[in-house]
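Take a look at the structure set out below.
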Amino acid sequence: MKKITNKIRIAYGCGDAACNIVYGMVNTLLTLFYTDYVGISPITIGMVMLISRIFDGSSDLIMGIVVERTKSKWGKARPWLLWMMVPYGIAAILLFTVPHTSEFIQGIYIFVTYNVLTTVIYTAINVPYGALSGLMTRDSYQQDLLSIFRMIISPFVRIISVTFTMPIVKLFGNDQAAWIKTMGLWVVIAMALLLFCFLKCEETITTEQKKTVEKIPVLTHLKALVKNKYFWCVLVLWTVQVTHMTIIGTSLPYYCKYIFHNDSWMYSVLYFAETIVIILGAMVCPVFIKKWGKRNITLAGAVVAIAAQVCLMLNPNNFYYMFAITLIRSAGVAQLNATVFGMLGDVVEYSYWKNGFRQESMIFGGASLGFKVGSGIASAVITSLMTASGYISSQGADVVQPGSAISMIADIYKWGPVIIWVIAAIMLVIYKLDREMPQIAEELANREK
């Protein structure tokens with residue numbers, strides 16, 4: 001087995017950083033751009049995103065099958081990073097070039113461009129990228145380290161794009177053209193990161209079993225996936241991770257704008273603080289994983305996140321109190337961010353042990369169904385609640401929102417994380433694969449001898 005050096009781990013983390021430098025904006029600031037810079041109603045945006053996510057989630061399973069059958073001199077997952085790099089950049093910029101016409105035409109344009117980026121191109125990068133870690137090593141701890149490097153580097157780059165987007169937009173003129181220029185800047189960086197990941201990360205899993213995997217019928221793959229109980233646990237956990245990011249990322253700009261009356265530096269400070277703590281938490285996770293295991297530290301983190309968010313209710317209108325709560329909550333959130341992809345790697349080995357064939361792409365593609373649909377549902381619920389509360393869309397002009405809309409924004413930010421982290425805690429109580437992995441690894445080693 002080829003040794004995985006820190007340089008390779010950094011390169012692997014850069015692949016997800018390239019995804020998040022663009023996707024971070026999609027999950028956080030895109031709704032604000034559509035409502036307050038293009039003038040589209042929140043309900044229109046929510047429905048477009050929800051319907052799109054259903055298509056998007058289905059495309060992940062399809063892409064998993066495509067990757068399993070891909071053959072190239074670079075392997076089956078790695079080449080997709082190269083092939084999709086330029087289309088990814090173009091599609092990201094088109095997302096912000098909404099024409100100034102009727103809302104119906106704008107809705108169609110958003111639906112098409114949003115799906116080209118997320119359903120087609122992002123899926124064609126993210127599914128093979130996720131499977132790549134399972135093709136680089138089969139060692140559970142090495143996969144944990146790849147996951148941790150991923151969750152250190154990716155949020156760091158995302159924090160740069162999300163935190164500095166609003167100041168750069170204001171610097172470029174604080175209009176739609178400014179958003180297009182800003183996205184163009186992030187796209188150049190994303191493409192460079194994808195290229196670095198492609199050049200340094202190699203597929204090394206070459207067992208005889210892998211050479212015949214393409215002969216296994218698709219229906220057999222799907223049956224094995226559906227019957228894998230730990231696959232469903234990790235799918236929900238990944239959904240919780242991205243839903244948390246969507247709730248905080250979508251509602252926080254509105255919270256800062258209409259409750260704190262500051263839509264620039266306060267938002268940037270809170271988002272920066274949350275992401276930095278998540279990065280630092282991921283850095284120390286290897287020590288905790290060796291001592292207590294992925295599941296136990298993640299469950300403890302879920303409890304911390306719930307407790308911190310409940311404490312926020314005591315003084316939700318004080319910026320400095322919210323800053324302190326954000327630091328505590330993020331320390332709990334960091335655990336799931338650092339471990340979820342290592343858990344998926346263990347699910348791949350569990351499936352191989354149980355079924356006799358490997359299905360990295362199917363498992364990562366299927367799990368990202370929850371990732372995509374979860375964020376879509378969260379966006380749809382948030383925008384629907386805002387519309388129902390009477391939120392007024394605008395095109396850059398200052399408007400006075402009704403009290404009901406401001407109260408709804410506050411409730412979404414306060415209660416949304418509590419609900420999803422309770423779900424995470426329940427899933428982690430069910431998840432017991434950590435205890436089973438040593439025996440599974442030993443049996444697989446003996447079987448392959």
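The values are calculated or read from the model by the stated rules, or taken from the named source; none is laboratory data. Just so it is clear, the model here is predicted, and its values are computed rather than measured. Here Cβ is always computed from backbone atoms with ideal geometry, including for glycine, and neighbour counts include all displayed protein chains.
State whether one or more residues within segment 119-131 are surrounded by fewer than 23 Cβ atoms within 10 Å (Cβ to Cβ), farther than 15 Å from ILE21 by Cα, of a type in the set (Val, Ile, Thr) and out of contact with any Pro (no Cβ under 6 Å at 6 or more places or on another chain).
Within segment 119-131, one or more residues are surrounded by fewer than 23 Cβ atoms within 10 Å (Cβ to Cβ), farther than 15 Å from ILE21 by Cα, of a type in the set (Val, Ile, Thr) and out of contact with any Pro (no Cβ under 6 Å at 6 or more places or on another chain).
Out of the residues in segment 282-300 meeting the condition of being in contact (Cβ under 8 Å) with a residue 40 or more places away in the chain and among the aliphatic types (A, V, I, L, M), tell me which one is nearest to ILE423 (Cα to Cα).
Within segment 282-300, the match that is nearest to ILE423 (Cα to Cα) is LEU299.
Give the number of residues within segment 94-108 that are among the aromatic types (Phe, Trp, Tyr) and either on the phi > 0 side of the Ramachandran plot or not in a helix (DSSP H, G or I) (or both).
1
Condition test on GLY46, is it crowded, with 21+ Cβ neighbours inside 10 Å and small (Gly, Ala, Ser)?
Spelling it out, GLY46 is indeed crowded, with 21+ Cβ neighbours inside 10 Å and small (Gly, Ala, Ser).
Out of all the residues in segment 17-30, which are of a type in the set (Val, Ile, Thr) and modelled with pLDDT of 85 or more?
Within segment 17-30, ILE21, VAL22 meet the criteria.
Restricting to segment 94-125, and then to whatever is in contact (Cβ under 8 Å) with a residue 40 or more places away in the chain and among the aliphatic types (A, V, I, L, M), can you tell me which residue is nearest to LYS181 (Cα to Cα)?
LEU95
Is segment 130-152 home to any residue that is polar (S, T, N, Q), over 29 Å from TYR271 (Cα atoms) and assigned to a helix (DSSP H, G or I)?
Within segment 130-152, one or more residues are polar (S, T, N, Q), over 29 Å from TYR271 (Cα atoms) and assigned to a helix (DSSP H, G or I).
Return a yes/no flag: does segment 367-387 have any residue that is in a loop (DSSP other than H, G, I, E, B), within 30 Å of LEU336 (Cα to Cα) and touching a residue at least 12 places away in the same chain (Cβ under 8 Å).
Within segment 367-387, none of the residues are in a loop (DSSP other than H, G, I, E, B), within 30 Å of LEU336 (Cα to Cα) and touching a residue at least 12 places away in the same chain (Cβ under 8 Å).
Residue check, PRO417 against (1) modelled with pLDDT of 90 or more; (2) surrounded by fewer than 24 Cβ atoms within 10 Å (Cβ to Cβ); (3) over 18 Å from TYR230 (Cα atoms), all met but one. Which one?
(2)
Looking only at segment 232-278, which residues are over 24 Å from GLY376 (Cα atoms) and crowded, with 20+ Cβ neighbours inside 10 Å?
MET266, VAL277
Looking at segment 372-401, which of the residues that are surrounded by 24 or more Cβ atoms within 10 Å (Cβ to Cβ) and hydrophobic (A, V, I, L, M, F, W, C) is nearest to the chain's Cα centre (by Cα)?
ALA378
Every residue in segment 256-298 that is closer than 29 Å to ILE409 by Cα and not in a helix (DSSP H, G or I), please.
Hits for segment 256-298 are ILE259, PHE260, HIS261, ASN262, ASP263, SER264.
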